[in-house]
Amino acid sequence: MGHETLLIGSPNSGKSLLFNRLTGLAQKVANFPGITVSLGRGALLGHPELTLLDFPGTYSLAPLSGEERIASDGFHAALAREDLKRVLCVIDATRLGKSLNLALQVLREAARAGRDVLLVATMIDAFPKGRDRFDVEGLSAALGVPVYGVSSKTGEGLDALRAALAAATPAPSPARFHALDDEALQDEARSLTVRFGAQGALLLQGQTRLDSFFLHSLFGGVAFFALMAVLFQAIFTWAAPAMDGIELALGWMADVLVPRLPHPMLQDFAADALFGGVGAFLVFVPQIFVLTIIVGLMEDSGYMARAAVICHRPLRAFGLTGKSFVPMLSGVACAIPGIYAARVVESPRKRWLTYLAVPLMPCSARLPVYTLLIAAFIPATPLLGGLLGLQGLAMVTLYLFGLMVGLLVSALVAKFAPATEDDPPFVLEMPPYRLPAWQPLLRMAFDRSKHFVTKAGAVIFMVTAVVWVLGYFPNQGADLGASWLGALGRLIEPLFAPLGLDWRYGVAILTAFLAREVFVGTLGAIFGIEGADENYLPLVDQIQASGLGLGSGLALLVFFAIALQCVSTVALLARESGSWRLPLSMVVAYLLLAYAAAWVAFLLAGLLL
């Protein structure tokens with residue numbers, strides 16, 4: 001018979017990273033409160049019969065926010081279940097005062113239910129060796145329950161904790177906690193913090209000096225924008241070698257494999273649909289990897305919360321809150337976790353406004369389109385001694401453009417939909433600055449890239465295969481304009497002609513409504529059919545040779561920055577908002593806005609350039 005262990009702790013205590021190390025899973029981890037918004041479940045490594053349940057972080061069992069309510073209600077429900085083996089309560093050894101109040105509440109409720117309890121003190125790698133080490137044994141003796149000191153980043157103490165979790169020996173919560181009221185628990189928490197929290201308090205003194213700069217009203221904002229510019233330039237510079245390697249590998253594979261296929265039609269399909277379509281998409285996967293690392297660095301280092309504080313005042317002017325920054329930045333990786341993360345916004349009205357803004361964030365599905373068009377139209381001119389480049393500046397501009405459109409939409413809706421309830425005040429805990437744990441960060445980036453390829457790759461293959469069939473027949477690719485695809489494209493060409501786009505780009509835009517990144521694969525397949533007699537060429541070179549003007553390229557960038565072209569995001573919005581009215585209205589409104597803004601960009605480019 002299986003058993004369950006309940007994992008509970010305060011936000012930003014290292015609970016989800018500990019869960020990942022104990023189970024081998026990849027639960028979302030960040031140095032920011034409110035990241036875990038649903039239950040995580042996984043088996044203890046080496047013990048499939050023992051299941052760990054990871055609850056959202058909570059400061060108290062008397063909930064205030066939505067994620068705290070999930071944790072509190074789930075905790076009390078789990079205590080009544082027969083298959084619950086024990087409770088594992090996580091405390092942050094460097095910030096003991098924050099964690100002990102919850103830990104004592106857990107001990108009291110476990111004592112009343114007669115449940116086994118273990119405490120885990122995380123972050124012990126932050127303490128020096130020797131007598132200044134965190135006193136795990138002393139805290140265990142004071143509480144009367146086992147306390148295990150661990151570092152999820154280095155792995156210290158994890159083997160002993162796994163052995164304890166697998167052991168059958170009970171460690172029930174001491175009976176003395178049974179009758180303590182909230183005031184008595186708070187008094188004991190303060191007393192224990194004084195006794196065992198002095199070393200942690202010393203470690204955090206340096207945080208104040210860093211915050212005096214990063215949260216400064218002037219320097220903090222300048223540092224924020226400078227950091228974002230440098231990091232997004234890294235999307236190009238860090239990923240460039242891998243992208244070049246993939247292009248070379250694809251070219252070599254095409255030259256070697258395509259001539260060996262037994263039939264000319266199979267050769268054309270492999271060259272146009274596989275290497276030209278799917279291959280063109282694979283070239284941009286390293287940038288997804290780099291983007292995931294960038295966002296992870298900001299989260300794990302503790303800077304994410306500072307950025308939320310910096311952005312709170314300007315976001316408030318647009319009807320949002322500083323906590324909206326977290327879903328919006330999560331939307332840079334993918335709109336889906338951004339929509340989920342909007343649960344940390346306590347105000348229903350501001351959560352609804354956050355839903356409007358998140359799909360306008362430049363997600364990873366837009367990244368292949370952005371980088372393709374930027375590489376085709378923006379020269380790689382270095383700026384500031386090579387620290388920044390013109391392409392990186394264009395990418396930052398696109399990101400800021402998406403952000404500003406999201407803010408303006410939120411402000412407009414907020415103006416015509418005034419508040420009907422009192423919004424809770426903006427309160428956000430400042431997590432400590434920490435060096436990121438590189439192993440889980442790299443694993444997360446790899447998993448995100450793999451998921452992106454497997455999810456989008458199947459769609460891109462099917463779409464490019466259909467596009468190839470339509471473009472290859474009835475004349476075996478001899479004249480793309482006379483093919484079935486050409487006939488279809490010319491039907492829709494008048495719709496995109498005001499943007500300076502011919503039917504080929506119109507077809508690619510239509511297929512992109514299944515998923516934005518399909519735009520790259522569709523163009524690759526179309527240009528592959530057109531250039532069937534040529535050797536493999538990178539898609540950037542093919543676009544440059546197609547005669548597309550700069551104004552049309554800018555119009556495409558603006559269109560993709562605004563249009564809502566993700567079926568999964570639309571479905572999730574319907575589930576989270578409880579109605580299809582909001583997501584369907586957003587699809588229509590953002591499509592009309594995207595077309596109008598792209599047309600204006602095309603006209604302005606013609607006047608100014």
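Bear in mind these aren't lab numbers, they're just calculated from the coordinates by the rules spelled out. Predicted model only: the values in this text are computed from it and were never measured. FYI the Cβ positions are ideal-geometry reconstructions off the backbone, even for glycines, and counts take in every protein chain you see.
Observations on the model:
- Among 137-146, 219-228, the peptide with the highest mean count of other Cβ atoms within 10 Å heads the list, and the full ranking is 137-146, 219-228.
- Pairwise FRET efficiency - residue 213 versus residue 129, Cβ, R0 = 35 Å, nearest 0.05: 0.70
- DSSP beta bridges in the chain [antiparallel fraction, %, rounded to 5]: 30
- Put simply, the amide H of residue 116, placed in the peptide plane, has neighbours under 5 Å in 87, leaving out anything fewer than 5 places away on its chain.
- Estimated 222 nm signal from helices in the chain, with DSSP H stretches of n ≥ 4 weighted -39500 (n - 2.57), rounded to 500: -19000 deg cm²/dmol
- Rounded to 10°, Cα long-axis angle of helix 96-113 versus longest principal axis of the chain: 70
- Residues with amide H under 5 Å from that of residue 52, placed H, sequence gap 5 or more: 5, 42, 43, 44
- Charge context of residue 512, other residues only, Cβ under 14 angstrom, K/R +1, D/E -1: +2
- For the stretch 440-608, the square roots a ≥ b ≥ c of the C-alpha gyration tensor eigenvalues yield an a/c of 1.5 or more together with a/b not exceeding b/c, which makes the shape oblate.
- Protection proxy ranking of 272-285, 456-469, by the mean of other Cβ atoms within 10 Å over each peptide's residues and highest first, is 272-285, 456-469.
- Compared with the dominant Cα axis of the chain, that is its longest principal axis, helix 303-317 is turned about 70°.
- Peptides ranked, highest mean first, by Cβ atoms within 10 Å: ranges 76-89, 314-327: 314-327, 76-89
- Karplus 3J(HN,Hα) series, Hz, for the stretch 581-590 with 6.51 cos²θ - 1.76 cosθ + 1.60 (x for Gly, Pro): 4, 5, x, 5, 5, 5, 4, 5, 5, 6
- Neighbour counts of C-beta atoms inside 10 Å place 60, 212, 10 in the sequence 212, 60, 10, starting with the fewest.
- Normalising the average separation of contacting C-alpha pairs (under 8 angstrom, six or more residues apart) by the number of residues puts the relative contact order of the chain at 13 percent.
- Potential extension, residue 451-residue 607 segment - 0.36 nm per residue separation minus Cα distance: 51.9 nm
- Principal-axis tilt of helix 182-196 within the chain, Cα atoms, nearest 10 degrees: 90
- Considering only the stretch 3-203, percent of DSSP beta bridges that pair antiparallel, nearest 5: 20
- Label positions at residue 596 and residue 182, each projected 7 Å from the Cα along the C-beta direction, are separated by 5.0 nm.
- Residue 383 versus residue 416: modelled label distance in nm, points set 7 Å from Cα along the beta carbon direction: 3.5
- Prolate/oblate/rounded call for the stretch 533-598, Cα gyration tensor, a/c under 1.5 rounded: oblate
- Calculated from backbone phi, Karplus (6.51, -1.76, 1.60) coupling profile of the stretch 516-526 in Hz, x at Gly/Pro: 4, 5, 5, 3, 5, x, 5, 4, x, 5, 5
- Here's the list of lysines a cross-link from residue 450 could span, going by alpha-carbon distance under 20 Å and ignoring same-chain residues fewer than 8 apart: 28.
- Bridgeable aspartates and glutamates around residue 15 (alpha carbons under 17 Å apart, same-chain partners fewer than 8 residues away excluded): 4, 54, 67, 68, 92, 125, 156, 159, 299, 300, 429.
- For the stretch 3-203: rounded, prolate or oblate by the Cα gyration tensor [a/c cutoff 1.5]: rounded
- The string of couplings for the stretch 78-91 from the Karplus curve (6.51, -1.76, 1.60, θ = phi - 60°) is 5, 4, 8, 8, 6, 7, 6, 8, 7, 10, 10, 9, 9, 10 Hz, one whole number per residue in order, with x for Gly and Pro.
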